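The values are calculated or read from the model by the stated rules, or taken from the named source; none is laboratory data. Quick caveat: nothing in here was measured; it's all calculated off a predicted structure. Note that we place each Cβ from the backbone using ideal geometry, even for glycine, and neighbour counts take in every protein chain shown.
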Amino acid sequence: MREIDLMEVGGFKVGHYTDEEAATGSTVILFDEMSSAGVDIRGGGPASRDSQILNPLMAANEINGVLLSGGSAFGLDAAGGVLEYLSERGIGLDVGVAKVPLVPQACIFDLGVGRADVRPGKDAGYKACENASYESPQRGNVGAGTGASVGKCCGPDRMMKSGLGTFAVELGELKVGAIVAVNAVGDVYENGKVIAGLMNKDRTGLASSFDEILSWTEKAYMGNVGESGKIDLAESKASTNTTIGLIVTNAKFSKAMLCKIAGMAHNGYARSINPVHSMMDGDSIYAASTGNVESDVNTVGMLAAFVMEKAVIDAVKQAKPAYGLKAYEDFAN
């Protein structure tokens, strides 16, 4: 097995729209041909569009692309621009009277980093498509990762900048890659060590979101439960987070098996983010097949988890300090 560039998986283009001033953006993955795809959503607060069509019980078996975006639920408008771009080019599911592009979308909550009144809309989705190419995509503070951050359980003063990351591998003829926008309430780990996330109170080093959140519960059991009179982290200021990504492979699979691969890819989140899959997150992973290589679903699922873990780590390592937030490079030894 060897590391390759994401675009070597083949069969798709990637394009970004980045609004640096407003700290938001969109990243589109456009497939060369309609491709089988699946999804697994494990976070408690997702913002998504048309993800339900990837349920194996639904009729559509193939899609034209996937859109990852900022803007929370407002950012779902960006998909309209992608649909317009593809429709103008006669791309989509043929329904007789028209061709309807199928482009599932997921969004991160980045409204608290830049301008909350500026979100990716139809123009953002269209421009991301115009920028799409087969070149190695930019990572870090771009596209859907522009306003991404991590370690947010104590609010903006102690969180860090994150971004968009990629990673891919080749095993014989098989290729598997990941692209992800990391916007987690939790911390990001590499080899069991926190590399980005919650900072200590004086912002001179890294703390632990896991320990911090547990301390709230401990205090609550000691009688300090606040005005609500109950323990409910989802009502805290840590309720606006999500990590969204896509697995692409040149192996041929059905929609049902790609849903399984997307589910196994969540192990990559679990290995690199803690806490993860909480009611404070909207963690989602899509998976798509862009080729015809024969392979085993278990093997591809294992590799999907591996590349997703590495892509999450890449997202924080590629991020640069911005919007008053420190980044990985500020603490790297």
So, GLN52, is that one modelled with pLDDT under 95 and either touching a Cys at 6+ places or on another chain (Cβ under 6 Å) or of a type in the set (S, T, N, Q) (or both) or not?
yes
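Does LEU30 count as surrounded by 18 or more Cβ atoms within 10 Å (Cβ to Cβ), touching a Gly at 6+ places or on another chain (Cβ under 7 Å), under 20 Å from ALA132 (Cα atoms) and not charged (D, E, K, R)? Full working, then the answer.
Details: surrounded by 18 or more Cβ atoms within 10 Å (Cβ to Cβ): yes; touching a Gly at 6+ places or on another chain (Cβ under 7 Å): yes; under 20 Å from ALA132 (Cα atoms): yes; not charged (D, E, K, R): yes.
Yes, satisfied.
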Subset tally (residues that are modelled with pLDDT of 95 or more, among the hydrophobic types (A, V, I, L, M, F, W, C) and touching a helix residue (DSSP H, G or I) at 6+ places or on another chain (Cβ under 8 Å)) for segment 178-226:
9
Please verify whether segment 58-76 includes one or more residues that are over 22 Å from the mean Cα position of the chain (by Cα) and farther than 28 Å from LYS260 by Cβ.
no
Within segment 10-57, of all residues that are of a type in the set (Lys, Arg) and part of a strand (DSSP E or B), the one nearest to GLY163 (Cα to Cα) is LYS13
So which residues in segment 70-126 are touching a residue at least 24 places away in the same chain (Cβ under 8 Å), in a loop (DSSP other than H, G, I, E, B), touching a strand residue (DSSP E or B) at 6+ places or on another chain (Cβ under 9 Å) and not aliphatic (A, V, I, L, M)?
GLY70, GLY71, GLY92, PRO101, PRO104, PHE109, ASP110, GLY112, GLY114, ARG115, ARG119, PRO120
Which of the residues that make up segment 265-289 are outside any loop (DSSP other than H, G, I, E, B) and surrounded by fewer than 23 Cβ atoms within 10 Å (Cβ to Cβ)?
ASN267, ALA270, ARG271, ASN274
Among all residue pairs at least 6 apart or on different chains, which show Cβ distances below 8 Å where the first residue, located in segment 142-153, is in contact (Cβ under 8 Å) with a residue 12 or more places away in the chain and outside any loop (DSSP other than H, G, I, E, B) and the second is of a type in the set (Phe, Trp, Tyr) and buried (at least 24 other Cβ atoms within 10 Å of the Cβ)?
GLY143/TYR17
When only residues in segment 33-71 that are closer than 16 Å to VAL142 by Cα and among the small types (Gly, Ala, Ser) count, which is surrounded by the fewest Cβ atoms within 10 Å (Cβ to Cβ)?
GLY71
Residue hits (segment 204-223; surrounded by 13 or more Cβ atoms within 10 Å (Cβ to Cβ) and not in a helix (DSSP H, G or I)) are LEU206, ALA207, SER208
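May I ask you to list the residues in segment 77-95 that are within 19 Å of the chain's Cα centre (by Cα) and among the acidic types (Asp, Glu)? Before the answer, list the steps.
As a first pass, look at segment 77-95 and keep what is within 19 Å of the chain's Cα centre (by Cα): 77-79, 82.
Answer for segment 77-95, where residues must be within 19 Å of the chain's Cα centre (by Cα) and among the acidic types (Asp, Glu): just ASP77.
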Kindly list the number of the only condition in (1) outside any helix (DSSP H, G or I); (2) over 24 Å from ALA327 (Cβ atoms); (3) modelled with pLDDT under 95; (4) over 20 Å from the mean Cα position of the chain (by Cα) that fails for LYS237.
(2)
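Within segment 191-222, count every residue that is touching a residue at least 12 places away in the same chain (Cβ under 8 Å), among the aliphatic types (A, V, I, L, M) and under 16 Å from SER278 (Cα atoms). Steps first, please.
Taking segment 191-222 first, the residues touching a residue at least 12 places away in the same chain (Cβ under 8 Å) are 194-201, 203, 205-210, 212-213, 216-217.
Filter again for among the aliphatic types (A, V, I, L, M), leaving 194-196, 198-199, 206-207, 213.
Right, trim to under 16 Å from SER278 (Cα atoms) and you get 213.
Qualifying residue count, segment 191-222: 1.
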Within segment 290-323, can you find the residues that are surrounded by 24 or more Cβ atoms within 10 Å (Cβ to Cβ) and among the basic types (Lys, Arg)?
none
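Look through segment 127-158, keep the residues that are among the polar types (S, T, N, Q), out of contact with any His (no Cβ under 8 Å at 6 or more places or on another chain) and surrounded by fewer than 24 Cβ atoms within 10 Å (Cβ to Cβ), and return whichever of them is farthest from ASP32 (Cα to Cα). Outline the logic, then answer.
The initial filter retains those residues of segment 127-158 that are among the polar types (S, T, N, Q), namely 131, 133, 136, 138, 141, 146, 149.
This time we only want the ones that are out of contact with any His (no Cβ under 8 Å at 6 or more places or on another chain), so: 133, 136, 141, 146, 149.
Next, from what is left, pick out any that are surrounded by fewer than 24 Cβ atoms within 10 Å (Cβ to Cβ): 133, 136.
Numbers: SER133: 11, SER136: 16 Å.
That would be SER136.
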Here are the criteria: (1) aromatic (Phe, Trp, Tyr); (2) under 23 Å from ARG158 (Cα atoms); (3) modelled with pLDDT of 95 or more. Tell me which single one PHE253 does not satisfy.
(2)
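Assess whether GLY92 counts as being surrounded by fewer than 24 Cβ atoms within 10 Å (Cβ to Cβ) and touching a Lys or Arg at 6+ places or on another chain (Cβ under 6 Å).
Here the answer is yes, as GLY92 does meet what is asked.
Among the candidates VAL97, VAL66, single out the residue that is closer than 13 Å to LEU30 by Cα and aliphatic (A, V, I, L, M).
Numbers: VAL97 fails: closer than 13 Å to LEU30 by Cα.
After ruling out the rest, the residue left standing is VAL66.
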